[in-house]
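Take a look at the structure below.
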Amino acid sequence: MTKTIIAEKMVFGGDCIGKIEGKTVFIPYAVPGETLEVEIIQEERDYMKARIVKVLQPSPYRREPFCQYYGKCGGCNMQHIESGYQQTLRKEILKSAFEREQINVPEIEVIAAGHKAYRSRFQFHNGGMMAKRSNSIVEIENCPCAEDEINLYLKEVPFDQRPKGRVHVFGSSKIVSIPEGFDKIIIANEKKKPEDKGSSFSNSSGKKKNSRQKKIQKRFSGTVIDEHNLCTIELLGKNLTFDVQGFFQSNLNVLEKAIPFVTEGLKGCHVLDMYAGAGTFSVFLSDLFENVTLVEHNRDALVFAEQNLFGKKHQSYGVSGETWIKYHSENCIKQYGNFDAVVIDPPRSGMEKAVCQWLQKSNIPQIRSVSCDIATHARDAKFLIKAGYRLTKLFLLDFYPQTGHIESLAWFEK
């Protein structure tokens, strides 16, 4: 049996919701304002899930998806919506997340680039993409959201000749560690070698990438680096090296646009980069501050931060934020002075409780907070505001067009 429903609004994740007999219904692939004929496919005590049988009154923003795999591949879920309106919806969802925490939200600014051909980082499974809500594999030959280098690989390498298992792939015209004349793509060697290869960096052609490497500090010993997985890209005139098996942003064009907003107006003697990763922000902060302190529990990533900040005054701590606060923060401040600013980019779970509490008491005048989860971002913002900080700016970082994924940047001042 089918039912008629109006899609009232879009919620985090990209589904729309409506009501049937007073119960909330989640409807994938809907657009707010549409009248739909739906079939209930799952019913729980507090909500239902439905699939669209027929669009009775379509939204003026509904579009034909441009990818032949849309709805099958587990990647995009908003291709059926006009791209400009997608940004409007993501802004509204971001705003709602902060307002649920009773935060007065300034006008949200959008940092965006192209809505196609933007993605440089993929995880392929047995040569394809995981199907939506399934463990089966979609045998893709082209991804309209991928950078050209990824699509060249998909075109040149038949599906049955691609590596098996889960394989990390990074391809971009911004890669500088592969000489001109070679495909700008790195297919990760997923098997880590038992011994530490230190800082011997080679590209897929076998040529050494950079002979001027900083030696890895002893506290990072025990990390395992596979030279075949290393990638160096150029962002805003600076080179950044990382392991393609680790995390790095997938949308380099938006990242280039976002970095100046993360660092704008910041300067002084001492800055803290909490959850620093491979030092992406620290590389640019080091031009604005006399000294940079990096905290990152992933010591593999911190090895690359050490290389990326070679020649810049800094110190790195390969520990969790909580451990750094408990054992190192006081001595760090005594040695290098109070922090003039903090840039913080926590995991999806948000700031560790100890980190948030420390920031509340810190009186650090400037905090720039980047987040990949709007709910935890809003939660942490609430605590900072209760401690006397003002939310002066909020940005939608539109890293993932055609999807419901939202990242954000907040400026806090005291």
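The values are calculated or read from the model by the stated rules, or taken from the named source; none is laboratory data. For clarity, every value in this text was computed on a predicted model and none was experimentally measured. Cβ atoms come from the backbone with ideal geometry, glycine included; neighbour counts cover every protein chain shown. Areas reflect the complete protein model, heavy atoms only, side chains present, ligands, DNA and RNA absent. Shrake-Rupley method; radii C 1.70, N 1.55, O 1.52, S 1.80 Å.
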*Taking into account only those residues within the stretch 331-366 that are touching a residue at least 24 places away in the same chain (Cβ under 8 Å) and small (Gly, Ala, Ser), which is nearest to Val262 (Cα to Cα)?*
Ala341
*Enumerate the pairs (first residue in the stretch 367-390 and within 19 Å of His405 (Cβ to Cβ); second residue anywhere and among the basic types (Lys, Arg)) with beta-carbon separation below 6 Å, excluding pairs fewer than 6 apart on the same chain, so at least 6 apart or on different chains.*
Cys372/Arg348; Asp373/Arg348
*Just to be sure, is Asn308 closer than 18 Å to Asp243 by Cα, open to solvent by 50 Å² or more (accessible area, probe 1.4 Å) and out of contact with any Asp or Glu (no Cβ under 9 Å at 6 or more places or on another chain)?*
no
*Which of the following residues is out of contact with any Pro (no Cβ under 8 Å at 6 or more places or on another chain), under 24 Å from Ala381 (Cα atoms) and buried (at least 18 other Cβ atoms within 10 Å of the Cβ): Val303, Val283, Val319?*
Val319
*Looking at Gly22, Gly14, Gly71, which is the one that is open to solvent by 60 Å² or more (accessible area, probe 1.4 Å) and on the phi > 0 side of the Ramachandran plot?*
Gly22
*If only one of Leu56, Leu154 is assigned to a strand (DSSP E or B) and either without any contact (Cβ under 8 Å) to a residue 24 or more places away in the chain or surrounded by fewer than 16 Cβ atoms within 10 Å (Cβ to Cβ) (or both), which one is it?*
Leu56
*Number of positions in the stretch 137-151 that are within 21 Å of Glu190 (Cβ to Cβ) and open to solvent by 30 Å² or more (accessible area, probe 1.4 Å)*: 3
*Residues being among the hydrophobic types (A, V, I, L, M, F, W, C) and in a loop (DSSP other than H, G, I, E, B): count how many of those fall in the stretch 277-332.*
5
*Mind checking which residues of the stretch 395-414 are surrounded by fewer than 23 Cβ atoms within 10 Å (Cβ to Cβ) and more than 15 Å from the chain's Cα centre (by Cα)?*
Trp411, Glu413, Lys414
